[in-house]
Amino acid sequence: MKCRVCKKTDATLPEGSKEPRFCSKCWNTRLRQLFQEEDRFRVQRVMRTSDAEKHLIYHDDHEGGATAVGLAFALLDRAHDQLEVSAFLSNRFDWHASVPFIYEEGVECEVEILDVFLGIMENDLVAGWRPCGWSAEITLCTDEIFWIDSSDSNAEEGGGDDAPA
Ligand SMILES: [Zn+2]
């Protein structure tokens, strides 16, 4: 298999991954830093059905990764083989903070953490579905995410207004 970046050299990296994707030259000059930055995100799939997934998103810089900085839903429209992603990101985390990357010959480039996340979204959340097409709607939430769970209350049989019909 050839490197996905230069498409010339045999792919050998990253080590330990099922499918090597990059050659060592591209890895060392461009990709390792991005992977290290992506590794600081943790995406936890908390629900999966045949047509949908829900993920919680954590980042090491936010409370040591203890609480989520966002959540994402993926919904597959099977009739059109189209994946619709909705992501809700908490503004308690600085998505616009920039991360410097040093490329070959010392060229430096700043990338926002949001862009690192978008790469994860495309490569992890979307790619797993292998859809024909996809779109994503990203909402930066101005408040803390909070949760309501029917099992937390002593509601009567049948639940509250949120119970499905
Ligand atoms: Zn390469």
Working only within segment 45-59, note down all residues that are touching a His at 6+ places or on another chain (Cβ under 8 Å) and either outside the structural domain of Leu76 (by TED's automatic domain parsing) or of a type in the set (Val, Ile, Thr) (or both). Val46
Could we say that Val99 is part of a strand (DSSP E or B) and under 22 Å from Trp27 (Cβ atoms) here? yes
Looking across segment 1-36 at residues that are out of contact with any Phe, Trp or Tyr (no Cβ under 8 Å at 6 or more places or on another chain) and in a helix (DSSP H, G or I), the single one that is nearest to the ligand (Cβ to nearest atom) is Cys26
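The values are calculated or read from the model by the stated rules, or taken from the named source; none is laboratory data. What you are looking at is a predicted structure, and each value in this text was computed from that prediction instead of being measured. Positions of Cβ are generated from backbone atoms using ideal geometry, with glycine treated the same way; all protein chains shown enter the neighbour counts.
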